[in-house]
1. If I ask for residues that are closer than 17 Å to residue 134 by Cα and surrounded by 13 or more Cβ atoms within 10 Å (Cβ to Cβ), which ones from segment 13-37 would you list?
2. Before we move on, is residue 50 in contact with an Asp or Glu (Cβ under 9 Å, 6 or more places away or on another chain), modelled with pLDDT of 95 or more and over 22 Å from residue 73 (Cα atoms)?
3. Before we move on, is residue 108 assigned to a helix (DSSP H, G or I), surrounded by 14 or more Cβ atoms within 10 Å (Cβ to Cβ) and touching a His at 6+ places or on another chain (Cβ under 8 Å)?
4. With the condition kept exactly as written, say whether any residue in segment 69-77 is at pLDDT 95 or above, closer than 18 Å to residue 108 by Cα and under 17 Å from the mean Cα position of the chain (by Cα).
5. Six or more apart or on different chains, Cβ under 7 Å: which pairs go from a residue in segment 133-153 that's farther than 15 Å from residue 8 by Cβ to one that's among the aromatic types (Phe, Trp, Tyr) and modelled with pLDDT under 85? Could you list them?
6. Taking segment 86-99 as the search range and keeping residues that are without any contact (Cβ under 8 Å) to a residue 12 or more places away in the chain and among the charged types (D, E, K, R), which one is surrounded by the most Cβ atoms within 10 Å (Cβ to Cβ)?
7. So which residues in segment 38-73 are surrounded by fewer than 16 Cβ atoms within 10 Å (Cβ to Cβ) and among the aromatic types (Phe, Trp, Tyr)?
8. Restricting to segment 113-132, and then to whatever is over 12 Å from residue 57 (Cβ atoms), assigned to a helix (DSSP H, G or I) and touching a residue at least 60 places away in the same chain (Cβ under 8 Å), can you tell me which residue is nearest to the chain's Cα centre (by Cα)?
Amino acid sequence: MYKVPLNAESLQKRLSYIEESVHSLERFKGIPLKKFHADPDNFRIAFYDLHKALEAVMDIGSHILSRIPGARPSSYKDIPALLEKYKIIPAKFSSEKLVKMAGYRNRMVHFYGEITENELFEIIQEDLGDFLMFCKHINALLKNPDKFNLKAE
């Protein structure tokens, strides 16, 4: 049914970007907000790593969908719904987590001047596990692409 196989090497590289970014962001997990605010480099590091992880999530989703005929997202916000539709990502994770990731990615790209230290800090404290859960779902796909009617190179 699907003409072009998944590029497993490309997907693994992007999964590594996510894991590296999360690892970097973990340095801020559990520290007091005051300490996070104390060093201006913390905001830059957090912004960069979070943006990199979000871009990798959307790139992975886009790559997978590009292998499914008729599954072309018209925007980043369409990626979660299509991944859910084709059973790549569970519905609850897609609607509760991945949609927010897509929205925040768009905010970081288009409204970067409005991103605050407090919101980045909150994401680091509360949401890093969402990235690892996404990686788990994609690794399941890579281990058994036939289950999802896909093929991997």
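The values are calculated or read from the model by the stated rules, or taken from the named source; none is laboratory data. Everything quoted here is computed from the prediction, not taken from an experiment. Heads up, the Cβs are rebuilt from the backbone with ideal geometry, glycines too, and the neighbour counts pull from every protein chain shown.
1. 13, 14, 15, 17, 18, 19, 20, 21, 22, 25
2. So residue 50 fails the test.
3. Judged against the criteria, residue 108 is a match.
4. no
5. Pairs found: 149/2.
6. The initial filter retains those residues of segment 86-99 that are without any contact (Cβ under 8 Å) to a residue 12 or more places away in the chain, namely 91-92, 96.
Going one step further and asking which of them are among the charged types (D, E, K, R), we end up with 92, 96.
On the way: 92: 9, 96: 12.
This residue is 96.
7. 47, 48
8. Among those residues, the one meeting the criterion is 128.
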